[in-house]
Amino acid sequence: MAVTTEQLAEEMYQMVKETMGKKNLKAGDLTKAMIAKYGEGEINKDDCKHAIRILMDSGRCVYSYFGGSFITLPHKEGSAPE
Amino acid sequence: MADEKVQTKLLDELEKGPWPSFVKEIKKARKVSPVCDDLLGQLELSYEEKVGHWKHGGIVGVMGYGGGVIGRYSDLPEKFPNVAHFHTMRINQPSGWFYTSNALRTLCDIWDRHGSGLTNMHGSTGDIVFLGTKTDELEPCFKELTEAGFDLGGSGSCMRTPSACVGKARCEWACYDTMKMCNDITHQYQDELHRPPFPYKFKFKFSGCPNDCVASIARADLSVIGTWKDDIQQNDAEVAAYAAKGLDVQDDVCGRCPTKCMKWDGKKLTINNRECVRCMHCINAMPKALAPGKERGATLLIGAKAPIVQGALLSSVLVPFVPADELMDTIKELISRVWDFWDEYGKNRERVGELIQRVGMGNFLDAIGLDPVPEMITAPRDNPYIYFKDEA
Amino acid sequence: MAAEPVKRITDIGPPNFEKFLHPVIKKNYGLWKYHDNLAPGVLCHVAESGDKIFTVRAASPRLLSTTTIRQFADLAEKYCGGYLRFTSRNNVEFLLDNQANIEPLKKELLALGFPVGGTNNAISNIVHTQGWVHCHSSATDASGIVKSVMDALCDRFTHEDLPAKLRIALACCLNMCGAVHCSDIAILGVHRKPPKIKHDILPKVCEVPTLIASCPTGAIRPATVDGKQSVEVVEEQCMFCANCYTVCPAMPLNDPENDGISIWVGGKVSNARSAPKFSKLAIPFIPNEPPRWPGVVDAVVNIVEVYAKNAKKFERMGEWIERIGWPKFFELTGIPFTKYHIDDFRLAGTTYARSTHIRF
């Protein structure tokens, strides 16, 4: 594997950070982006799954829900902003 | 309690009558938690104004999970501060909804410590629903639940909590072990349940026979419905006994058979099992006399859903028959291919059934490596618009 | 939240059901021979071994306090060794190995206000959604309507005198978190006005491309309102599904006077006799009438009574209607037929009459 799971997690984190407020990303979007970048022979879906798990378990990212589940940065708790 | 005498003039009307009253239940839970007063207050207001007072979702949960908690907030937090937060927790039910009194007491004790004392037994998907708590209580409640051997169910774009009919536990018609299958699938896919990886929700429902007591064909993305391949088991003496007790075997059994595959000569019932479509009617009508055959298994069907977004769908046949002992392996193998395809091509909020409608069943079958068989359709296409492929 | 030193327990899944099974059930798991219906709400399952397990089924409002659940636990301990379960339609079932305990248990359940029934050709409990008790997108209440309808139909729960099973379900909006689209009678909350767009907050809380893509009819278009990026709704194309509201809180459809209830009939999920089928529209709109919902109660009771009087033995609602034809259904029930009954969504033509098979 060309990259470590930790590196994948870091890259995913940067992607989430950059698109925050512009586009909501799903787990599948991050996975597709990483596989496109490193190539199918280098990393697979399971690697990406583990990377997402690292982001979640460390609290760096959280799941959000608006008619679908997205991965975002942690935010102030509360209802939908108004 | 700030306002013990919260006025519930309209809701009080719903304490009258013979059917058990949910208003009485909320009032009973006042002892547990003062939030119930504000819940009653807000609900009374909804009854006056004919409009709900809950705000859109929001984002709360327990650490690391992407589902299992539904955020809920009052749109009148100043007026009803105790329900400013009123989140739901979904707790994964044991297969078949069986409990001991001790297990129920454990759940009640945990919920009294951390929430409103109100539940749904159960939610529509099958989970135990803990109705109403504050964000700060989520982690402590989750900790106590897991220590007691319970875990959260699903919400969002994940594998939703699977459910099963009572199956072999208390039904002679179960053609495979629905409760074990449900339990095993749920444990097999814990990651997919707790960390939403999909374009939208995905539901499994396990029914033991074509009566489909968990509405699998209407509600599950993968419907697993028990059936059999050999002949209906038949006890002629018991058939005669039903007739003697007044059942009109000709009209009410043979006459209602969808393929008219059975004959009654006044003494003996003759079934042409090759023409039987295994609908269950005759077996339902005479449970002592008839039973599903011995070569049992299940039909796998795919794609059911309620109307949102593109319209309601019933599941359609994917694999006509899988023997019971091959069911687990077949489902695991198929589902990984289905999920791979859906991950790759599914749009946000597109259920698997809608994806199949969009790309065509033929292409879907190609993608998951299944051969088309005529059991999948009610009739071949009746239009000539065929997408022929170059086949060298 | 501070990092937790203690290892959190996660991903353990549900407890294994085996530890919750009555010993008679455990012993005869997969070895049941047949069952008998001893009385409404009382079943007896007989195993190959000759062992018997008795089931007493009682109604529940689904929304249960822990106080009531503990009462159920007390009863289970008193009469059935602590073993009980719930059904897919939210009834509670007590599992007994001693037949002599059935009557005393029934008596106690009735005294506590929980009718016994719901088996065989009775109306079972209404499966339903959260409504105003707990949902943000409901077009009507759920629990209050269920309570009012079942008060009127309680005798049909405690007696098994219908031609066949009759399954009623309620969903408080088109999201339908319940199988209402395949029920003998479905009660469905509907909106009738397009979303009132909150342009001031929309750009902050919603992702516009996702919002536009959410509309099944393509009625939502990007627009600039007061110099800010927002959307507009082509109102003629809106069929009030509220999918936009699900993805964007700035698109509320709630409207006290225009929200209400529609009634659908003739669906089923069982494969018995005829194939599973969707419920079809019977009544397009009944206003919300809290607290006792007389319009809905009357409509449902009327349909049930007409069905009970006219259907043949073993005919589900949909099978009865297919036999007599929809014109006769509307005539017998007295429900007016309107243009709303004729489908105009995708594949609408599949429900048009394309033959001269007409009953006169």
Computing the accessible area with a 1.4 Å probe over protein heavy atoms, can you report the carbon and sulfur percentage for the protein assembly as shown? 53 percent
For segment A:5-72: rounded, prolate or oblate by the Cα gyration tensor [a/c cutoff 1.5]: prolate
So which residues in segment C:82-98 end up with at least 40 square angstrom less accessible surface once the other protein chains are there, compared with the chain by itself, probe 1.4 angstrom? C:L84, C:R85, C:F86, C:S88
Tell me, how many Å apart are the Cα centres for segment C:1-78 and for segment B:338-367? 37 Å
Which parts of segment C:231-252, residue by residue, lose 40 Å² or more of accessible area when the rest of the protein chains are there, as against the chain isolated (1.4 Å probe)? C:N243, C:T246, C:V247, C:P249
Amide hydrogen neighbours beyond the local backbone of A:L25, cut-off 5 Å, H modeled: A:I71
Within segment B:59-100, name every residue whose backbone N is under 12 Å away from a label modeled 7 Å from Cα of C:D11 along the Cβ vector. B:65
Please compute the per residue accessible area over the protein assembly as shown with all protein chains in place, 1.4 Å probe, rounded to a whole number of Å². 40 Å²
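Under 22 Å between alpha carbons: how many lysine pairs meet that in segment C:1-67, if sequence neighbours fewer than 8 apart on the same chain are excluded?
5
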Could you compute how much accessible area chains A and B hide from each other, both sides summed, with a 1.4 Å probe? Nearest 100 Å² is fine. 2100 Å²
Partner lysines whose C-alpha sits under 16 Å from that of C:K312, ignoring same-chain residues fewer than 8 away, are C:K165, C:K328
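What does the extension gain come out to for C:E232 and C:A308, with contour length at 0.36 nm per residue minus their alpha carbon separation? List each step's numbers first, then the result.
On the way: separation 76, 0.36 × 76 = 27.36 nm, distance 4.83 nm.
In short, 22.5 nm is gained.
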Show me, for segment B:23-35, the HN-Hα J-couplings you get by feeding each phi into the Karplus relation (A = 6.51, B = -1.76, C = 1.60, θ = phi - 60°), rounded to Hz, glycine and proline as x. 5, 4, 4, 5, 5, 4, 6, 4, 4, 6, 8, x, 4
Per-residue HN-Hα couplings for segment C:44-50, Karplus 6.51 cos²θ - 1.76 cosθ + 1.60 at θ = phi - 60°, whole Hz, x for Gly and Pro? 10, 9, 10, 8, 3, 6, x
Interchain or sequence-distant (5+) residues whose placed amide H lies within less than 5 Å of the amide H of C:L64 are B:T119, B:N120, B:M121
In Å², rounded to the nearest 100, what is the total accessible surface buried by chains C and B against each other with a 1.4 Å probe? 10100 Å²
Under the rule of at least 5 residues apart or a separate chain, name every residue whose amide H is placed under 5 Å from the amide H of C:S88. none
Estimated buried accessible area (total), pair A and C, 1.4 Å, Å² to nearest 100: 700 Å²
So what J values fall out for segment C:109-126 if you push phi through Karplus, 6.51 cos²θ - 1.76 cosθ + 1.60 with θ = phi - 60°, rounded to Hz, Gly and Pro as x? 4, 5, 4, 7, x, 10, x, 9, x, x, 9, 6, 8, 9, 6, 7, 4, 7
Relative contact order for chain C: what percent, with Cα pairs under 8 Å and sequence separation of 6 or more? 12 percent
So for chain B, averaging the separation of alpha carbon pairs under 8 Å that are six or more residues apart and normalising by length, what relative contact order in percent results? 11 percent
Per its Cα gyration tensor (rounded if a/c is under 1.5, else prolate when a/b beats b/c, else oblate), chain C is best filed as oblate
Gyration tensor verdict on the protein assembly as shown (Cα atoms; rounded if a/c is under 1.5, prolate if a/b is larger than b/c, oblate otherwise): rounded
Quick check: pseudo-label points 7 Å beyond the Cα along Cα→Cβ at B:K347 and C:E322, how many nm apart are they? 3.3 nm
Chain-alone versus full-assembly comparison, segment C:24-72, residues with accessible loss of at least 50 Å² (1.4 Å probe): C:Y29, C:W32, C:Y34, C:H35, C:P61, C:R62, C:L63, C:S65, C:T66, C:T67, C:I69, C:R70
Excluding residues fewer than 8 positions from B:K263 in its own chain, the aspartates and glutamates with Cα under 17 Å of it are B:D231, B:D236, B:E238, B:D248, B:D251, B:D252, B:E275
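The values are calculated or read from the model by the stated rules, or taken from the named source; none is laboratory data. What you are looking at is a predicted structure, and each value in this text was computed from that prediction instead of being measured. Cβ coordinates were reconstructed from backbone atoms using ideal geometry, including for glycine residues, and neighbour counts include every protein chain displayed. When the accessible area is computed, the model is the full protein with side chains, heavy atoms only, and any ligands, DNA or RNA have been set aside. Shrake-Rupley method; radii C 1.70, N 1.55, O 1.52, S 1.80 Å.
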